[in-house]
1. Which of the residues that make up the stretch 9-40 are part of a loop (DSSP other than H, G, I, E, B) and either in contact (Cβ under 8 Å) with a residue 60 or more places away in the chain or touching a helix residue (DSSP H, G or I) at 6+ places or on another chain (Cβ under 9 Å) (or both)?
2. Testing residue 104 on (1) surrounded by 10 or more Cβ atoms within 10 Å (Cβ to Cβ); (2) part of a helix (DSSP H, G or I); (3) at pLDDT below 85, one condition comes back false. Which one is that?
3. When the residues of the stretch 45-69 are narrowed to those that are loosely packed, with under 14 Cβ neighbours inside 10 Å and within 16 Å of residue 8 (Cα to Cα), which ends up nearest to the chain's Cα centre (by Cα)?
4. Looking at the stretch 44-69, which of its residues are touching a strand residue (DSSP E or B) at 6+ places or on another chain (Cβ under 9 Å) and in a helix (DSSP H, G or I)?
5. How many residues, within the stretch 18-43, are in contact with a strand residue (DSSP E or B) (Cβ under 7 Å, 6 or more places away or on another chain) and either within 24 Å of residue 80 (Cα to Cα) or crowded, with 16+ Cβ neighbours inside 10 Å (or both)?
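The values are calculated or read from the model by the stated rules, or taken from the named source; none is laboratory data. Model, not experiment: these values are computed from the prediction. Counting neighbours? That spans all protein chains shown, and the Cβs are built from the backbone with ideal geometry, glycine included.
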C-alpha cells in the first residue's frame with residue numbers, strides 16, 4: 001500500500017491516471033504531448049505507476065501502451081480508504097473517545 005500512495009502523491013502521476021481513465025489505453029507518445037514533459041520523464045512516472053500495480057502495459061513495435069489496472073485500484077487504495085471511513089464512522093459511536101481521564105491520571 002505504501003508504494004500505491006507514494007505513486008499517487010505526485011501530481012503528474014495523478015494526471016496520467018486521469019488521462020488513462022478518460023481515454024483508455026494510451027501510448028507513451030500521447031502522454032509526452034498531453035503533459036508537455038519529455039519522454040524519459042513520462043517513462044519514469046509510468047514505471048512508478050506500474051511498480052505500484054496501478055497500470056499495466058503492452059509493447060507494440062517501439063511504443064509502449066499503458067492502461068489502468070482497475071482491479072488493483074479497487075482492491076488497493078479504494079478498499080483501504082473505504083475501510084478507514086468504515087472504522088471512522090464506527091468510532092463516532094464510541095462514548096469515551098474524548099475521555100482523557102487516563103491521561104490525567106498518568107500526568108500526560
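1. Step one: list which residues in the stretch 9-40 are part of a loop (DSSP other than H, G, I, E, B), which gives 9-10, 24-25, 36-38.
Result: 10, 37, 38.
2. The number of the failed condition is (1).
3. Quick first cut of the stretch 45-69, residues loosely packed, with under 14 Cβ neighbours inside 10 Å only: 47, 51, 58-63.
Now narrow it down to the ones that are within 16 Å of residue 8 (Cα to Cα): 47, 51.
On the way: 47: 13, 51: 11 Å.
Ranking the candidates gives 51 first.
4. We begin by selecting, within the stretch 44-69, every residue touching a strand residue (DSSP E or B) at 6+ places or on another chain (Cβ under 9 Å); these are 46, 49-50, 54-60, 63-69.
Answer for the stretch 44-69, where residues must be touching a strand residue (DSSP E or B) at 6+ places or on another chain (Cβ under 9 Å) and in a helix (DSSP H, G or I): 46, 49, 50.
5. Pass one, the stretch 18-43, residues in contact with a strand residue (DSSP E or B) (Cβ under 7 Å, 6 or more places away or on another chain): 19-21, 24-29.
Imposing the further condition that a residue be either within 24 Å of residue 80 (Cα to Cα) or crowded, with 16+ Cβ neighbours inside 10 Å (or both) reduces the set to 19-21, 26, 28.
Within the stretch 18-43, residues that are in contact with a strand residue (DSSP E or B) (Cβ under 7 Å, 6 or more places away or on another chain) and either within 24 Å of residue 80 (Cα to Cα) or crowded, with 16+ Cβ neighbours inside 10 Å (or both) number 5.
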